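Have a look at the structure below, then the notes.
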Amino acid sequence: MCILSCRRINTSSSVTMRKSSLKASKSSVHEIKGTKKYDDDAEATISSTISRSVSMSVGGNKQRMVAEDVVRHGNMGAPAEVYTFRELASATENFSLKLLLGEGGFGRVYRGHLKTTNQVVAVKQLDGNGIQGNREFLAEVLTLSMVHHPNLVKLIGYCADGRQRILVYEYMENGSLEDHLLDLAPERKPLDWYTRMHIAKGVAQGLEYLHDTANPPVMYRDFKPSNILLDEKFNAKLSDFGLAKLGPTGREDHVSTMVMNGYCAPEYEQTGQLTTRSDVYSFGVVFLEIITGRRAIDNSRPPEEENLVAWAKPLFKDRKNFKMMADPTLEGNYPVKGLYQAIAVAAMCLQDEASTRPLIGDVVTALEYLSIRTDEDTSETDEQAAQDE
Ligand SMILES: Nc1ncnc2c1ncn2[C@@H]1O[C@H](COP(=O)(O)OP(=O)(O)O)[C@@H](O)[C@H]1O
Ligand SMILES: [Mg+2]
């Protein structure tokens, strides 16, 4: 059985839908591109809360349009708070290293405690590397103010005092998928099969919302396990929208950091063209990491295994290979049929030809099915699984 056939794709309508959403997303990329003056740190000042109307003292109609958009859409969800630097310094004990949760390309993330609301939060202090950091900051605030979904991390507020750029998010108890899948601390247990499928389903649902419900549609772009955060029940939430929607800043640096990271669709690497289908490809890479426990790029492996997709593609051709693809830390504890079907879904997402990849909505349907534990799974044999396929 091909799991993706459980909901047939209506090709003509999905193509039409895709065309119109692409059109919309192009215009949104264009719109953000038009906010080039944000680049100038001195000019871009966030002076009020998103909910209490974002007003940016930057020139130009485009910037005003984005700000108005934020006000219009931002009110749909919980309002983002504005914090003073002093409040956040106090919440993080002066950005104490003992509260450090992690460090990414744009700064450090601390666990914080907001005394006024008695809330535990994650506080991301962007490096003072000026232009790029400010672009990221604005993109993150603007995008997260417009999108609200249980599988997207919630932006609680921000601080833009002076040159400080700090983002305050809901705190995710279980950290990132990377911590549980690829950087497993000795005291941590590896994720079991169904938790993995549950996480993949959450990621796909977050992406489905961004592609099909958000208006205009949002391309996520920054797929990687460290951007998939996990709450106390291992529900997955996508984080880091700084790169989402942002169009190229200039002719030279259009796909900058994305090219070599192992998650990019081939057409995106070649042309820099961003579509919902390139997000589906990146989802496929993360899903393959979830199944295999291998990193998208792992230089510590033999050359032919360094690139996960390049290693996996020849193996997709024969189901006999599928069991050796499963993460060894699962120790064989997975439903064989479920493994076969999960690998088939990953393979479809990873097709070179963008138009042949499934829509994320169909992936969600497949994962809803794969994340349900059934009695049949626990008793099935290889032969049964093979017959059912
Ligand atoms: N909201 C959050 N709750 C808990 N931990 C978080 C949160 N946001 C980020 N982190 C942790 O901080 C780390 C650094 O995050 P980030 O700056 O986004 O860099 P990167 O995504 O490149 O790792 C993440 O890997 C994660 O472990
Ligand atoms: Mg991140």
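The values are calculated or read from the model by the stated rules, or taken from the named source; none is laboratory data. Computed from a predicted structure; not experimentally measured. Here the Cβ positions follow ideal geometry from the backbone for every residue, glycine too, while neighbour counts run over all protein chains shown.
Here are the numbers:
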| quantity | calculated |
| --- | --- |
| Residue within the stretch 69-87 that is acidic (Asp, Glu), at pLDDT 95 or above and either within 21 Å of Gly162 (Cα to Cα) or not in a loop (DSSP other than H, G, I, E, B) (or both) present | yes |
| Subset tally (residues that are part of a loop (DSSP other than H, G, I, E, B) and within 13 Å of ligand 2 (Cβ to nearest atom)) for the stretch 139-155 | 1 |
| Residue under evaluation Pro150, criteria (1) surrounded by 18 or more Cβ atoms within 10 Å (Cβ to Cβ); (2) outside the structural domain of Tyr334 (by TED's automatic domain parsing), criterion not met | (1) |
| Matching entry among Glu136, Glu178 (being in contact (Cβ under 8 Å) with a residue 24 or more places away in the chain, surrounded by 21 or more Cβ atoms within 10 Å (Cβ to Cβ) and outside any loop (DSSP other than H, G, I, E, B)) | Glu136 |
| Residue in the stretch 207-224 that is within 16 Å of ligand 1 (Cβ to nearest atom), buried (at least 23 other Cβ atoms within 10 Å of the Cβ) and not in a loop (DSSP other than H, G, I, E, B) present | no |
| Single condition Asn174 does not satisfy, out of (1) away from ligand 1 (no atom under 14 Å from the Cβ); (2) more than 14 Å from the chain's Cα centre (by Cα) | (1) |
| Residue check, Leu207 over 16 Å from the mean Cα position of the chain (by Cα), closer than 21 Å to Arg295 by Cβ, more than 14 Å from ligand 2 (Cβ to nearest atom) and in contact (Cβ under 8 Å) with a residue 40 or more places away in the chain | no |
| Selection within the stretch 277-320 - in a helix (DSSP H, G or I) and basic (Lys, Arg) | Arg277, Lys313, Arg319, Lys320 |
| Subset of the stretch 89-122 [within 27 Å of the chain's Cα centre (by Cα), part of a loop (DSSP other than H, G, I, E, B) and surrounded by fewer than 17 Cβ atoms within 10 Å (Cβ to Cβ)] | Phe95, Gly105 |
| Odd one out for Tyr158, checked against (1) in the same structural domain as Thr365 (by TED's automatic domain parsing); (2) in a strand (DSSP E or B); (3) aromatic (Phe, Trp, Tyr) | (1) |
